[in-house]
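The values are calculated or read from the model by the stated rules, or taken from the named source; none is laboratory data. Worth saying up front: this structure is predicted, and the values here are computed from it rather than measured. Here the Cβ positions follow ideal geometry from the backbone for every residue, glycine too, while neighbour counts run over all protein chains shown.
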Amino acid sequence: MPPLREVQAAFARGVLDPALAGRIAGAIAGDGTAPERRLAIYRNNTLASLRVVLERAFPATRRLLGPERFARVALAFIRSAPPDRPQLVAYGAGFAGFLERLAEAAALTHLPDVARLEWAREEAYYAADASPLAAAAVAEIPIERYPELRFRLHPTLRLVRSAGPVYTLWQAARAGSANGPLVETPDRGPEQVLVLRPEMTVVTRPIGAADLVLLEALGAGLALTEAAARAQAVDPEFDLQGALALHLAGGTFAACG
């Protein structure tokens with residue numbers, strides 16, 4: 001009899017790949033049902049459960065692909081990248097990257113970005129809670145200190161950058177039929193998306209390219225003056241005051257100093 005660790009590893013491989021089931025069948029105790037049959041039942045339950053996890057995390061991606069294609073893609077992903085921790089809410093982090101390498105999804109150019117947006121929403125939902133920075137707290141800071149202020153982003157904040165209309169596609173998929181794929185990409189340019197959960201609900205909204213650069217710079221620890229300069233290099237007309245007011249009202253920041 002091989003060591004327990006080897007038996008467990010072989011069992012895990014046999015659950016995902018029917019071709020490997022014969023290698024573990026001898027280690028499965030019989031109870032009137034053939035070992036291969038018992039393993040097949042376990043395999044079907046495992047694959048179905050993980051597919052449901054992906055369906056719930058990526059509903060818009062599923063609609064863009066269509067239910068049947070999504071099921072095939074999900075199965076391929078599960079077999080290539082099974083869970084590596086006993087935490088199902090963390091499963092699916094690599095799905096967008098998997099779609100980039102998959103020929104079946106190639107017809108929908110920006111599908112991986114939609115999946116990234118959906119995973120950003122999952123991460124935001126389960127991220128650590130924090131009280132948003134209040135605008136009144138910033139108003140108490142002397143104006144002369146503003147140029148050197150450093151803002152700490154809210155821990156639930158996620159930013160999604162896309163070369164295509166990721167927000168438009170995501171919205172269209174959410175409004176579309178669950179029984180058929182959306183095959184046409186809206187004729188729009190690059191879009192950036194902010195995802196945030198300042199309280200109980202995940203907020204998803206498009207933002208400008210300069211605004212995204214501002215938040216990335218602040219998230220990297222840069223002072224407000226330098227972060228604003230980077231944003232204005234992208235868009236000379238960028239309204240810093242208006243952007244900060246909107247972010248303070250929406251809970252984008254957790255602290256500043």
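Below are the figures for this structure:
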item: Subset tally (residues that are modelled with pLDDT under 90 and hydrophobic (A, V, I, L, M, F, W, C)) for segment 173-212; result: 4
item: Set F238, F151: member being touching a Cys at 6+ places or on another chain (Cβ under 9 Å) and modelled with pLDDT of 95 or more; result: F151
item: Any hit, segment 165-172, residues being modelled with pLDDT of 95 or more, within 20 Å of I207 (Cα to Cα), part of a loop (DSSP other than H, G, I, E, B) and touching a Pro at 6+ places or on another chain (Cβ under 7 Å); result: no
item: Segments classed as helices (runs of 4 or more DSSP H), wholly inside segment 60-140, with at least 2 members that are closer than 22 Å to V203 by Cβ and either touching a residue at least 60 places away in the same chain (Cβ under 8 Å) or touching a strand residue (DSSP E or B) at 6+ places or on another chain (Cβ under 8 Å) (or both); result: 111-126, 135-139
item: Where a residue in segment 148-160 is assigned by TED's automatic domain parsing to the domain that holds V213 and assigned to a loop (DSSP other than H, G, I, E, B) and its partner, wherever it lies, is hydroxyl-bearing (S, T, Y) and surrounded by 21 or more Cβ atoms within 10 Å (Cβ to Cβ), with Cβ under 8 Å and at least six apart; result: H154/T252; L157/T252
item: Hey, A229 among the small types (G, A, S), under 15 Å from E148 (Cα atoms) and assigned by TED's automatic domain parsing to the domain that holds L194 or not; result: yes
item: Residues located in segment 113-125, provided they are of a type outside the set (D, E) and in contact with a Ser or Thr (Cβ under 9 Å, 6 or more places away or on another chain); result: V114, A115, R116, L117, A120, R121, A124, Y125
item: Residue in segment 30-43 that is modelled with pLDDT of 75 or more, surrounded by fewer than 15 Cβ atoms within 10 Å (Cβ to Cβ), on the phi < 0 side of the Ramachandran plot and assigned to a loop (DSSP other than H, G, I, E, B) present; result: no
